[in-house]
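Okay, structure first, notes after.
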Amino acid sequence: MSFGTVLIANRGEIALRIIRACRQLGLKSVAICSKADQGASYLDAADHSVCIGGPTASESYMDGSAILMAAEATGADAIHPGYGFLSENADFAERVEAAGLVFIGPTAGAMRTMGDKIAAKAAMRASAVPCVPGTEGALSNDAEAMVAAAEAIGYPVIVKAAGGGGGRGMRVVRSVNELDVSVQATREEARRTFNNPEVYLEKFLEKPRHIEIQVLCDHHGNAVWLGERDCSVQRRHQKVIEEGPALGIPREAIGAVGERCVAACKAIGYRGAGTLEFLYEDGVFAFIEMNTRIQVEHPVTEALTGIDLVAEQIQIAQGNELSIHQSDITVSGHAIECRINAEHSLEGLPSPGTVVNWHSPGGPGVRVDTHVARGTTVPPYYDSLIAKVIATGRDRAEALSRMRGALAEMRVAGIEVNIALHQAILRDPAFVTGPATIHYLEKALAEKRFTVS
Ligand code: MV4
């Protein structure tokens, strides 16, 4: 089956990225937009664009009914959700399919399993994917059982909400005295926020790295993994820099984990693109969550493998067999991505407004994914990501050097952007020598090690 038209249920740089993939595949694209994005120049790249509602996300990019109406009105056969918004909403995926359209992503069932972090870990454990030690199911509400569970894991432990993820709904517990209060607080918060009071315990890892594995799976039982990304440089659970391959991890160790990821995806009948997130500490990988969408940092993997992940997602959704076999996939050189956000470098405060000057960098090994041009308005209603600069080199030193050159060349006026923060990181010996843990950036900022003008 081939789609005629794909509707893109997203905005900004990822909407433009998906429009481009549609064009590559000979498919027509429909862009939707909110009142706040109406008239944005990137919309002209699509074959059609439709304003579907008001400026806030809930009035537009989160409004499943409005999106389905736009799909029907424009004759779309499929909906690509991008990342964020409705991309991991199983109910939306079901509504899309019920309307006779294809949701470009996994089945609603797989999305539900991975949305429940307890079920996700159980699925991974069943395929011998290494997981963080912890309770193998929901934590009992019985005080004695709770104490025994934490004792068995060994302090410190972390209480996590089954419905959480991405850093929401968790608490570190360092001794038995704090256990009950922390569990009850996490449970209450989880009940309110995720409508699911289930929590679980894990061993709390003090200084891990965040390493993730990219997979692609088709409807015919084929699955491949496409190397890893190190996403340890983050602040307030927002990634800032991602790169691959991960520094200093033996290739055999990565290979072993990648193969377990593929086995797990085959076992659960996963399809589409996916990312398995691991914590890596003292030479050990431990699965924490799986993301069932295309991720912001997918260009790092595209740069390393030469594979167009968004085009692959669309072809998988059409029912095509994966054209790539594991033996065809090679990771070559090094790639690094800097997320350019409309925010102040040090404080991280958002800086919406109109871009009055814009110059994108270029040159060998430099890719820029952005929807921004001179005159683009950055609305205050959405995520502050406005561009991604991806630099590739034969080795890490060359990739870093190209990134420094690219950032020096970039010009943005009218809004604040975090380029100076990236430049400070890229000249910090601790980052350059590496590897950074998940605490690297917040620690550097707390110690006021960065002086940016
Ligand atoms: C952890 C952890 C340490 N030990 N789990 C935060 C986001 C969510 N995906 C899981 N998170 C963590 N889980 C155990 N058992 C530390 C974090 C964590 C973190 C993880 C990845 C990237 C950035 C992070 C920042 C703070 C805490």
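The values are calculated or read from the model by the stated rules, or taken from the named source; none is laboratory data. Since the structure is predicted, the reported quantities are computational estimates derived from the model, not experimental observations. Every residue, glycine as well, gets a Cβ built from its backbone with ideal geometry; the counts of neighbours run over all protein chains shown. Note: areas computed on protein heavy atoms with side chains; ligands, DNA, RNA excluded. Shrake-Rupley method; radii C 1.70, N 1.55, O 1.52, S 1.80 Å.
Note that segment 5-102, at 4 °C in a medium of 1.567 mPa s, gets a Stokes-Einstein diffusion coefficient of 100 µm²/s from its Kirkwood radius over C-alpha pairs. Shown for segment 1-58: the carbon plus sulfur share of the solvent-accessible area, taken with all protein chains present and a 1.4 angstrom probe, equals 47%.
Under 5 Å between amide hydrogens, built in the peptide plane, is the criterion, and for ILE288 it picks out GLU277, PHE278, LEU279 among residues at least 5 positions away or on other chains. Would you list which lysines come within 27 Å of LYS121, measuring only between C-alpha atoms, while excluding same-chain residues fewer than 8 positions from it? Cα-Cα hits under 27 Å: LYS160, LYS203, LYS207, LYS239, LYS266.
Projecting the Cα atoms of THR330, GLY269, GLY258 onto the charge dipole of segment 209-446, computed from C-beta unit charges around the Cα centre, puts THR330 farthest toward the positive end. Largest accessible area first, the residues HIS439, HIS334 order themselves as HIS439, HIS334 under a 1.4 Å probe with ligands, DNA and RNA left out. The share of alpha-carbon pairs in segment 1-55 lying farther apart than 15 Å comes to 38%.
Measuring nothing but protein heavy atoms, the accessible surface of segment 168-227 at 1.4 Å probe radius is 50 percent carbon and sulfur. One compactness figure for segment 140-284 is 1.20, namely its Cα radius of gyration divided by 2.2 N^0.38 Å. The spread of Cα positions in segment 42-156, taken along each principal axis and listed from longest to shortest, comes to 59, 31, 26 Å. Just so you know, the Rg over Rh for segment 91-187 is 1.09, from Cα atoms, with Rh as the Kirkwood radius. Put the Cα centre of segment 288-329 next to the Cα centre of segment 1-57 and the gap is 20 Å.
Highest-first packing order for the peptide set 207-214, 196-203 is 207-214, 196-203, based on the mean count of other beta carbon atoms within 10 Å. In order along segment 206-223, phi translates into HN-Hα couplings of 7, 9, x, 9, 9, 10, 10, 10, 8, 10, 9, 9, 9, 7, 10, x, 8, 8 Hz, rounded to whole numbers, per the Karplus curve 6.51 cos²θ - 1.76 cosθ + 1.60 with θ = phi - 60° and x for Gly and Pro. Counting only Cβ charges, +1 for Lys and Arg and -1 for Asp and Glu, the dipole size of the chain around its Cα centre is about 800 debye.
Note on segment 209-446: along the principal axes its Cα atoms extend 50, 41, 33 Å, ordered by decreasing extent. Surface exposure of the chain, expressed per residue as accessible area with a 1.4 Å probe, stands at 40 Å². Can you tell me how the chain classifies by the Cα gyration tensor, rounded, prolate or oblate, using a/c under 1.5 as the rounded cut? Cα axes put the chain in the rounded bin.
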